[in-house]
Amino acid sequence: MQDKPNSLPTNLIPQALVPVMLSICDTARDVADVIARGALGQALGQEVGAMNSDGDGQKALDVLTDEMFADALTRAGVRFYASEERDDVVTLNPEGPLAVAMDPLDGSSNIDVNVSIGSIFSIFEAAEDGEASVLRPASEQLAGGYVIYGPQTALVVTFGDGTQYYILDPKTGVFTLVTDRMEIPPQASEFAINASNSRHWHAPVSSYIDDCLAGTEGPHGRDFNMRWVGSLVAETHRIITRGGLFLYPADDRPGYETGRLRMVYECAPIAFLVEQAGGKATDGAHPLMQHQAGRLHARVPLVFGSTQKVERVAEYHQRLG
Ligand code: AHG
Ligand code: MN
Ligand code: MN
């Protein structure tokens, strides 16, 4: 691979996180190259015949990206690596200072159909062991972010002082700053939920969505639009850019008692960067930043987006929960 410049300017990165952020962005740049070739390369969306711990069939790109990030984070001196694609937290460097939790490839069902997918990451200070490092309140994260592989490859990340947005400039190969302070509009008329599950929802969510569908004749007094991409990073990027509301609630399907999305490597980093952009993230009723997972692949219901919308959903939970 020809000698490439650093993939990310480091002036807005806390000093202690520069090596790990460069490692994530260098690797994401290579992942973007693999994705851009699609079927011209290996069959990225092909099931590899194995399942991850959460029971999802693993696709070739899930496994490939997991290995790419694990190798890079090893070289970056990270101590613990937690991944959607691995049963347990693994030790990369016993003396390293940091723990990284990743969904190395989010939106796997979209790999073969050229829809935006992504990589999600959460960075903690390393604790006495791998699990103790990541099974802690989301508020203890040092960083939360994602790379989205879409019409643009982009990085959205927070270190606790605003949410930064970079676009990978194809000409230079560098993630170039767009803004260091993204702001989610406080109001919106767009919600994202997988409506095919509506018969399984609990009362607060059913009632809230029914009221949205009632439009100007309903209690919200406005018409709504709906989106559902099937890639959490694509929904997040739309909402953090133009506002909106995302819901993956608990429902009464077996295994979905606490929704579908995993706290450690999906919900916690997304909650962190959304709240740092002025939005809100809850489990429907309670703030997610105070929540901590009991085990690595634990799921939690996820509602996030424009503050007024998230607060409204919490009111429905208080009233009907
Ligand atoms: P992953 O591909 O990492 O398993 O994540 C997929 C997640 C998330 O990206 C998306 O919002 C959600 O699954 C879609 O779930 P449904 O297929 O149940 O709609
Ligand atoms: Mn995911
Ligand atoms: Mn995944």
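The values are calculated or read from the model by the stated rules, or taken from the named source; none is laboratory data. This one's a predicted model, so the numbers in the text were calculated from it and none came from an experiment. Using ideal geometry, Cβ is built from the backbone for each residue, glycine included, and neighbour counts are taken over all protein chains shown. For the accessible areas, the whole protein counts, side chains as well, though only heavy atoms, and no ligand, DNA or RNA atoms are used. Shrake-Rupley method; radii C 1.70, N 1.55, O 1.52, S 1.80 Å.
Rounded to the nearest Å, what's the spacing between the alpha carbon centres of region 49-128 and region 177-228? Just the number, please.
Here the answer is 30 Å between Cα centres.
Along the Cα→Cβ direction, 7 angstrom out, place labels at H286 and D223. What is the inter-label distance in nm?
4.0
How charged is the neighbourhood of V147? Take every other residue with its Cβ under 13 Å from the Cβ of V147, and add Lys/Arg as +1 and Asp/Glu as -1.
-4
Give me the percent of Cα-Cα pairs in region 123-176 that sit more than 16 Å apart, rounded to a whole number.
Of the Cα pairs, 53 percent sit more than 16 Å apart.
How much accessible area per residue does the chain have, counting only protein heavy atoms and a probe of 1.4 Å, in square angstrom?
Ligands and nucleic acids excluded, the result is 41 Å² per residue.
Could you give the length gained on full extension between E128 and E311, defined as 0.36 nm per residue of separation minus the Cα-Cα distance, in nm?
62.2 nm
Can you tally the net charge around P19? Count Lys and Arg as +1, Asp and Glu as -1, for every other residue whose Cβ sits under 15 Å from the Cβ of P19. Walk me through the numbers before you get to the answer.
Values: positive: R75, R79; negative: D26, D71, E95, E125.
Spelling it out: positives minus negatives among the neighbours equals -2.
Can you give me the long-range amide H partners of T153? Hydrogens built in the peptide plane at 1.01 Å from N, cutoff under 5 Å, separation of 5 or more residues or another chain.
L168
At 20 °C and 1.002 mPa s, grab the translational diffusion coefficient of region 1-79 from Stokes-Einstein with a Kirkwood Rh over Cα pairs, rounded to a whole number in µm² per second.
151
Convert each backbone phi in region 224-240 into a coupling constant with the Karplus relation 6.51 cos²θ - 1.76 cosθ + 1.60 (shift: θ = phi - 60°), then list the ³J(HN,Hα) values in order as whole Hz, x for Gly and Pro.
Result, rounded to whole Hz: 10, 10, 10, 9, 8, 8, x, 10, 4, 5, 5, 5, 4, 5, 5, 5, 5.
How big is the chain by Rg and Dmax over its Cα atoms, in Å?
Gyration radius and largest Cα-Cα distance of the chain: 18.9, 61 Å.
Taking θ as phi - 60°, what are the ³J(HN,Hα) couplings along region 155-163 by the Karplus curve (6.51, -1.76, 1.60), each to the nearest whole Hz, with x for Gly and Pro?
10, 10, 8, 10, 10, x, 9, x, 10
What is the set of long-range amide H partners of Q58 at a cut-off below 5 Å, with H atoms built 1.01 Å from backbone N?
Hits under the 5 Å cutoff: V48, G49, A50, M51, N52.
Once R0 is set to 25 Å, what does the formula 1/(1 + (r/R0)^6) return for the Cβ-Cβ distance between Q152 and A50, expressed as a FRET efficiency to the nearest 0.05? Numbers along the way, then the final one.
Numbers: r = 32 Å, r/R0 = 1.27.
That gives a FRET efficiency of 0.20.
Mind listing the long-range amide H neighbours of G244? Cut-off is under 5 Å, sequence gap 5 or more, other chains count too, H placed in the peptide plane at 1.01 Å from N.
For G244, whose amide H was placed from the backbone, the distant partners under 5 Å are S306.
Starting at the first residue of region 171-184, write each ³J(HN,Hα) from the Karplus equation 6.51 cos²θ - 1.76 cosθ + 1.60 with θ = phi - 60°, in whole Hz, x for Gly and Pro.
So the J values, rounded to whole Hz, are 6, 10, x, 10, 5, 10, 4, 9, 7, 9, 8, 5, 9, 6.
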